[in-house]
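Before any comments, here is the structure.
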Amino acid sequence: MEVSIVGAGLVGCLLACFLARRGHEVTLYERRPDPRLSGAERGRSINLAISERGIDALRRLGLAEEALSDAIPMPGRMMHAVDGTLTFQSYSSDQRHAINSISRGALNGKLLDAAEASDGVRVRFGHRLTGIGDGTLEFEGGIVEKGQQVVIGADGAYSAVRARLQQMPGTDFSQEYLDYGYKELTIPPKLGEFAFDPGALHIWPRGRSMMIALPNPDRSFTCTLFWPHDALAALDTPEKVRAHFGKEYPDAAEVMPHLASDYAGNPVGHLVTMRCDPWYRTLNGTLVGLIGDAAHAIVPFYGQGANCGFQDCVELDRCLDETGDDFARALELFQRRKADTDVIARLALDNFVEMRDKVGSRAFLAQKRVEHA
Ligand code: FAD
């Protein structure tokens with residue numbers, strides 16, 4: 001079967017590998033130029049914590065080792081109190097159960113390599129989908145691809161494929177923004193070494209706000225602030241930025257020489273939960289489905305968006321197994337996964353309160369000390 005996947009992000013690439021293994025002919029359409037050549041946008045590097053859910057999907061295609069070759073294991077989280085006290089909380093009593101820090105761009109590059117190396121996969125960069133017509137895909141610049149039988153939207157939270165499905169009566173859709181935004185900052189290496197322990201996801205819980213930091217192979221950390229939009233906007237001079245960090249995040253401020261310029265130069269991202277139901281429709285004879293963030297974008301506080309999208313690929317592969325590669329029936333079966341993604345969407349929202357507030361509370365830390373005694 002010829003299948004078109006819109007979006008060569010993490011999930012689109014992995015899905016292409018799964019479908020190619022089943023013998024399908026896959027064309028991946030990606031709006032950007034090849035990201036392996038152009039690199040990440042300033043302040044949008046995004047480090048991911050990849051966990052067993054995601055690794056399991058990679059392993060099934062023999063990609064886990066290569067995809068995670070640059071990843072840094074984080075077996076626990078390190079809480080930074082305002083007075084500099086550090087508290088390590090292990091994620092598991094088994095130290096092998098770590099989550100892994102990896103740059104989204106690096107992982108995407110490796111998955112693109114894997115997709116391109118798979119028999120039957122073609123990648124078309126510079127193809128921004130603008131519409132789905134009568135058996136056609138329409139792209140910016142007037143490019144039209146005809147004869148489309150199966151189209152899968154893996155084009156992320158602001159999916160153009162989903163937007164087309166939303167126009168059809170019977171498609172439910174909701175989007176829920178948080179009053180919070182996120183901004184990336186960097187902690188460069190300190191005298192050539194990591195400024196903090198690289199074996200942890202670092203968290204500075206500050207009640208309404210928090211900062212996290214994940215280690216990179218070059219011994220820097222990528223920090224992400226999750227703050228209310230008004231708090232992010234309030235720091236509008238270098239002096240205010242330095243003063244605020246000096247007061248609230250003093251141990252980090254000390255090792256952030258470019259803090260004020262990073263803060264001023266890096267964009268603010270939005271945090272949104274998207275829900276759509278159903279994830280598949282037939283449009284003028286073309287079967288159209290959704291996967292990954294296009295189907296269920298979630299806030300990042302459980303570190304499960306990409307992991308969940310990888311698990312989607314495993315589940316769709318299973319549905320194709322169960323239906324003998326009948327895509328219409330497989331996409332219908334795949335809808336059963338929505339119950340799970342609704343749960344993770346809710347857990348991700350709840351975990352924001354836990355991370356920014358509860359993990360640093362005296363009651364929580366006392367409880368942890370009892371558990372470890
Ligand atoms: P995307 O990665 O968004 O890829 C979509 C692709 O489609 C892109 O390449 C895009 O260019 C392309 N595209 C978009 N529109 C079009 C169009 N019209 N035509 C053609 N192509 C198009 N997840 C985790 O598992 N762990 C984490 O720790 C984690 N941390 C995160 C931290 C932050 C700050 C954020 C914002 C997200 C985080 N996530 C995390 C979530 C994770 O990044 C996403 O869930 C994941 O990237 C989704 O993959 P995707 O392929 O579905 O979508």
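Give me the residue from the stretch 58-72 that is touching a residue at least 40 places away in the same chain (Cβ under 8 Å) and assigned to a helix (DSSP H, G or I) and, out of that set, surrounded by the most Cβ atoms within 10 Å (Cβ to Cβ).
The selected residue is Ala67.
Out of all the residues in the stretch 166-182, which are closer than 19 Å to Thr130 by Cα and not in a loop (DSSP other than H, G, I, E, B)?
Passing the criteria: only Gln166.
Could you tell me how many of the residues in the stretch 21-40 are within 23 Å of Ile132 (Cβ to Cβ) and either within 8 Å of the ligand (Cβ to nearest atom) or buried (at least 19 other Cβ atoms within 10 Å of the Cβ) (or both)?
Going through the stretch 21-40 one residue at a time, the tally reaches 7.
Restricted to the stretch 74-109, and to residues that are small (Gly, Ala, Ser), in a loop (DSSP other than H, G, I, E, B) and touching a helix residue (DSSP H, G or I) at 6+ places or on another chain (Cβ under 8 Å), which residue is nearest to Leu225 (Cα to Cα)?
Just the residues of the stretch 74-109 that are small (Gly, Ala, Ser), to begin with: 76, 81, 84, 90, 92-93, 98, 101, 103, 105-106, 109.
The next check asks that each one be in a loop (DSSP other than H, G, I, E, B); those that pass are 81, 84, 92-93, 98.
Filter once more, so that each one left must be touching a helix residue (DSSP H, G or I) at 6+ places or on another chain (Cβ under 8 Å): 81, 84.
On the way: Ala81: 16, Gly84: 18 Å.
Ranking the qualifying residues of the stretch 74-109, first place goes to Ala81.
Of all residues in the stretch 268-325, how many are of a type outside the set (A, V, I, L, M, F, W, C), more than 19 Å from Arg346 (Cα to Cα) and touching a Phe, Trp or Tyr at 6+ places or on another chain (Cβ under 7 Å)? Give the derivation first.
At the first step, the residues of the stretch 268-325 found to be of a type outside the set (A, V, I, L, M, F, W, C) are 269-270, 273, 275, 277-278, 280-282, 284-286, 289, 292-293, 296, 300, 302-305, 307, 309, 311-312, 315, 317-318, 321-325.
Now restrict to residues that are more than 19 Å from Arg346 (Cα to Cα): 269, 280-282, 284-286, 289, 315, 317-318, 321-325.
Now drop any that are not touching a Phe, Trp or Tyr at 6+ places or on another chain (Cβ under 7 Å), which leaves 269, 289, 315, 317.
Qualifying residue count for the region: 4.
I'd like to verify a number: residues in the stretch 183-205 that are surrounded by fewer than 18 Cβ atoms within 10 Å (Cβ to Cβ) and not in a loop (DSSP other than H, G, I, E, B), how many?
2
Could you give every pair whose Cβ atoms fall below 7 Å, whose first residue belongs to the stretch 322-333 and is under 15 Å from Thr282 (Cα atoms), and whose second residue is outside any helix (DSSP H, G or I), counting only separations of at least 6 or pairs across chains?
These pairs meet every condition: Phe327/Met1; Phe327/Val150; Phe327/Leu287; Ala328/Leu287; Leu331/Tyr280; Leu331/Leu287; Leu331/Gly289; Glu332/Tyr280.
Answer yes or no: is there a residue in the stretch 6-22 that is modelled with pLDDT of 95 or more and on the phi > 0 side of the Ramachandran plot. Break it down into steps so the answer makes sense when it comes.
Taking the stretch 6-22 first, the residues modelled with pLDDT of 95 or more are 6-22.
Still in the list and also on the phi > 0 side of the Ramachandran plot: 7.
Yes, the stretch 6-22 contains a residue that is modelled with pLDDT of 95 or more and on the phi > 0 side of the Ramachandran plot.
Can you pull out the strands (runs of 3 or more DSSP E) entirely within the stretch 220-336 that have at least 3 residues that are farther than 17 Å from Ala154 by Cβ and within 10 Å of the ligand (Cβ to nearest atom)?
Strands (runs of 3 or more DSSP E) meeting the threshold: 221-228, 269-277.
What is the residue count in the stretch 231-256 for residues that are in contact with a strand residue (DSSP E or B) (Cβ under 8 Å, 6 or more places away or on another chain) and free of Cβ contacts under 8 Å to residues at least 60 places away in the same chain?
Quick first cut of the stretch 231-256, residues in contact with a strand residue (DSSP E or B) (Cβ under 8 Å, 6 or more places away or on another chain) only: 231-232, 248-249, 251-252, 255-256.
From the residues that got through so far, the ones that are free of Cβ contacts under 8 Å to residues at least 60 places away in the same chain too are 231-232.
Number satisfying all stated conditions: 2.
Show the residue pairs that are 6+ apart or on different chains and have beta-carbon atoms under 6 Å apart, the first residue being within the stretch 297-308 and more than 11 Å from Ser51 (Cβ to Cβ) and without any contact (Cβ under 8 Å) to a residue 60 or more places away in the chain, the second being within 6 Å of the ligand (Cβ to nearest atom) and not in a loop (DSSP other than H, G, I, E, B).
Cβ pairs passing all conditions: Ile298/Gly305.
If you scan the stretch 44-92, which residues turn out to be among the acidic types (Asp, Glu) and closer than 15 Å to Asn108 by Cα? Please lay out each step first, then the result.
First pass over the stretch 44-92, keeping only residues among the acidic types (Asp, Glu): 52, 56, 65-66, 70, 83.
The answer is Glu65, Glu66, Asp70.
Inspect all residues belonging to the stretch 315-331 and state whether any of them is surrounded by fewer than 20 Cβ atoms within 10 Å (Cβ to Cβ) and closer than 30 Å to Leu232 by Cα.
no
The values are calculated or read from the model by the stated rules, or taken from the named source; none is laboratory data. Please read these numbers as outputs of a predicted model, since none were measured by experiment. Because the Cβ atoms are built from the backbone with ideal geometry, glycine has one as well, and the counts that use them run over all protein chains shown.
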